[in-house]
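Input: a single structure, listed below in structure tokens.
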Amino acid sequence: MASSAVSTEDPTVAVPSRLGQGHPHTNQALDVIGVGFAPHPCTSFFLGDAERDGVRFWTSMSREILEMLRPGAQPLYALPSASEPEGVAFAYVWRPGAVLFNIPKTEAMVQAAVQAPWDASGDLWHRLMLDVYAAHGPFVNIDFIAVRPERARAGLGRQLLGAILREADAGCLATLAQGLEQPGPAGPEGANAAGGGSTAATGQEGGSPAAGGGGAGAEAEGGAAGCRGLAVFLAASSPDSEAWYGRHGFQVLHRFHERVAGVPGSYYLTFMVRPPRGASGGWNAVAA
């Protein structure tokens, strides 16, 4: 899923700090994702004790995804500063075949009663990512946009999304490669998801907890300069988030909504794509 708060304010342009593994303030940024997503309805759906484990669940997920990316990747965007983050986004360029998606510590917290929809959403998530890649080539994947609850509706989510979209529209893979993995063997990787990428969880607007890809060949795919508009993919995790992303140019690919008898909360995902700048013919217009 992608975001934890929807803002309708018109913010001034902000330039987020970029963080990754080894940065002295990465833990603070991941904590923002944890506290931002903990109140989401899918938290009580996934966990037996959401009040006790909610923050730890989302922090664990974002940390395990971060650890799958190459050393030196900087997929975290923080506002207003790296040292005191109040809003955080997690986004990177994705392509298949780079990393086997694996978040065992997070998956161990998912209660058995919801394992089937968890697995089904992961399979669907990955298939849709492959479809978007087939249509557009490497694309920006937003896993999370989260804001501290006390700072909700202050414009931070819009500023973070705006920063990501500006980079995607510039489409310089040499710059966006801060979030790329080194290329691995060709072929599909496994995917499982926990609601919020994601994204892609985001209350909340959405992206997918899926592995990043790319690397040395990415710039060549983008042309000699490595610059072209890139598509952006995420999963909105509420009707309000779906509408919010729709106002930013995202189009619906697929809706996934699950409830389980006797389990509180629900699992709501709307997978969405924003086509590359200048693409025509809808989301499936090939831009690669």
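The values are calculated or read from the model by the stated rules, or taken from the named source; none is laboratory data. As the structure is a prediction and not an experimental result, all values here were calculated from the model. We place every Cβ from the backbone using ideal geometry, glycine too, and count neighbours over all the protein chains shown.
Kindly indicate whether any position in the stretch 233-249 is of a type in the set (Ser, Thr, Tyr), crowded, with 23+ Cβ neighbours inside 10 Å and at pLDDT 95 or above.
Checking the stretch 233-249: at least one residue is of a type in the set (Ser, Thr, Tyr), crowded, with 23+ Cβ neighbours inside 10 Å and at pLDDT 95 or above.
List every residue pair whose Cβ atoms lie under 7 Å apart, where the two residues are 6 or more positions apart in sequence or sit on different chains, the first residue falls within the stretch 103-124 and is under 14 Å from Gly48 (Cβ atoms), and the second residue, located anywhere, is surrounded by fewer than 18 Cβ atoms within 10 Å (Cβ to Cβ) and small (Gly, Ala, Ser).
Every condition considered, the pairs that remain are Gln111/Gly48.
Whether any residue in the stretch 150-157 is within 20 Å of Arg63 (Cα to Cα) and surrounded by fewer than 23 Cβ atoms within 10 Å (Cβ to Cβ) is what I want to check.
Checked the stretch 150-157: no residue is within 20 Å of Arg63 (Cα to Cα) and surrounded by fewer than 23 Cβ atoms within 10 Å (Cβ to Cβ).
Tell me yes or no: at least one residue of the stretch 107-125 is within 22 Å of Arg274 (Cβ to Cβ), more than 15 Å from the chain's Cα centre (by Cα) and either modelled with pLDDT under 95 or of a type in the set (Phe, Trp, Tyr) (or both).
no
Please determine, by comparing only the residues of the stretch 12-64 that are farther than 21 Å from Leu156 by Cβ and aliphatic (A, V, I, L, M), which one is surrounded by the most Cβ atoms within 10 Å (Cβ to Cβ).
Only one residue tops the list, namely Leu47.
Check off (1) closer than 22 Å to Gln115 by Cα; (2) at pLDDT 50 or above for Ala201 and give me the number that stays unchecked.
If we test Ala201 against (1) closer than 22 Å to Gln115 by Cα; (2) at pLDDT 50 or above, just (2) comes out false.
Being assigned to a helix (DSSP H, G or I) and either touching a strand residue (DSSP E or B) at 6+ places or on another chain (Cβ under 8 Å) or polar (S, T, N, Q) (or both): is that true of Glu167 here?
yes
Pick out the one residue from Ala98, Ala89, Ala82 that is surrounded by fewer than 22 Cβ atoms within 10 Å (Cβ to Cβ) and either among the hydrophobic types (A, V, I, L, M, F, W, C) or at pLDDT below 95 (or both). Show your work before the answer.
On the way: Ala98 fails: surrounded by fewer than 22 Cβ atoms within 10 Å (Cβ to Cβ); Ala89 fails: surrounded by fewer than 22 Cβ atoms within 10 Å (Cβ to Cβ).
None of the other options fit; the residue is Ala82.
Within the stretch 132-152, track down each residue that is in a helix (DSSP H, G or I) and either more than 27 Å from Val260 (Cβ to Cβ) or touching a His at 6+ places or on another chain (Cβ under 6 Å) (or both).
Val132, Tyr133, Ala134, Ala135, His136, Glu150, Arg151
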